[in-house]
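Undergrad: Would you mind keeping the following structure in view while I ask a few things?
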Amino acid sequence: MRRSPTMLLAALPLSAVALTACAPTQIIQVPTVTVQSVRLTRLSLPGGFGGTPVADVTLNLRVGNPNPIALRMANIASDVIIDGSTVGRVNLPNVGVPARGTADQVANVSIPVTLNTAASFLKIARGQLVTYRLDGGFTADLGPLGLQNFGPFTLSQGQWKQEPILPF
């Protein structure tokens, strides 16, 4: 059956009403990332024959979901910045967060130590105070809406001081 242009125009408002009824009534709120604790667990310095110098860092993170639906974070990626200098990167894949709830995640990261970053890691290893920031973003799997990217922005920031792990 051939449809006339008048019939097609008459069907448009009905289509718009049907699509509006399916649209979400609320915008997804951005989840939060809070650093619960951060700890330098090992530091090997440049030089010698001991292999590649690294700083092993453990971050305990809490991801909060203010939304009435559960979210799956396909990836949380962040630069680790100490005293204003980028020293490494953190990637957490597949973080599930319940509706209006939180999920705790542990990130164990080995960050290569360079001549540019050694001073920052030495301060931490000696028990001195530094500032840190996690700058990045995340990808959320919103089901029928697909993967959505959020960021870049500052996920978390604060001060980092721990008991010394080096005797000097």
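Undergrad: Go through 92-104, 51-63 and give me the packing order, highest mean Cβ count within 10 Å leading.
TA: Descending mean neighbour count gives 51-63, 92-104.
Undergrad: Going by amide H atoms built from the backbone, whose H comes under 5 Å of the H on Gly88, apart from near neighbours?
TA: Amide H neighbours of Gly88: Val80.
Undergrad: Kindly identify region 18-168 as rounded, prolate or oblate by the Cα gyration tensor criterion: order the square roots of the eigenvalues as a ≥ b ≥ c, call it rounded if a/c is under 1.5, otherwise compare a/b with b/c, prolate if a/b is larger, else oblate.
TA: prolate
Undergrad: Could you derive backbone 3J(HN,Hα) for region 128-137 from the dihedral phi with the Karplus parameters 6.51, -1.76 and 1.60 (θ = phi - 60°), listing whole Hz in sequence and x where the residue is Gly or Pro?
TA: Computed from phi, the couplings for region 128-137 are 8, 6, 10, 9, 9, 9, 10, 10, x, x Hz.
Undergrad: Take every Cα pair under 8 Å in region 97-168 that's 6+ residues apart, average their separations, divide by the length, and report that relative contact order as a whole percent.
TA: Relative contact order, region 97-168: 33 percent.
Undergrad: What residues have an amide H closer than 5 Å to that of Val33, excluding those fewer than 5 places away on the same chain, when H is modeled at 1.01 Å from N in the peptide plane?
TA: Amide H neighbours of Val33: Gly64.
Undergrad: Probe of 1.4 angstrom, ligands and nucleic acids ignored: what's the accessible area per residue over region 97-168, in square angstrom?
TA: 58 Å²
The values are calculated or read from the model by the stated rules, or taken from the named source; none is laboratory data. Quantities reported herein were computed from a predicted structural model and do not represent experimental measurements. For neighbour counting, all protein chains shown are included, and Cβ atoms are generated from backbone atoms with ideal geometry for every residue, glycine included. To get the accessible areas, we keep the full protein, side chains included, count just its heavy atoms, and leave off ligands, DNA and RNA. Shrake-Rupley method; radii C 1.70, N 1.55, O 1.52, S 1.80 Å.
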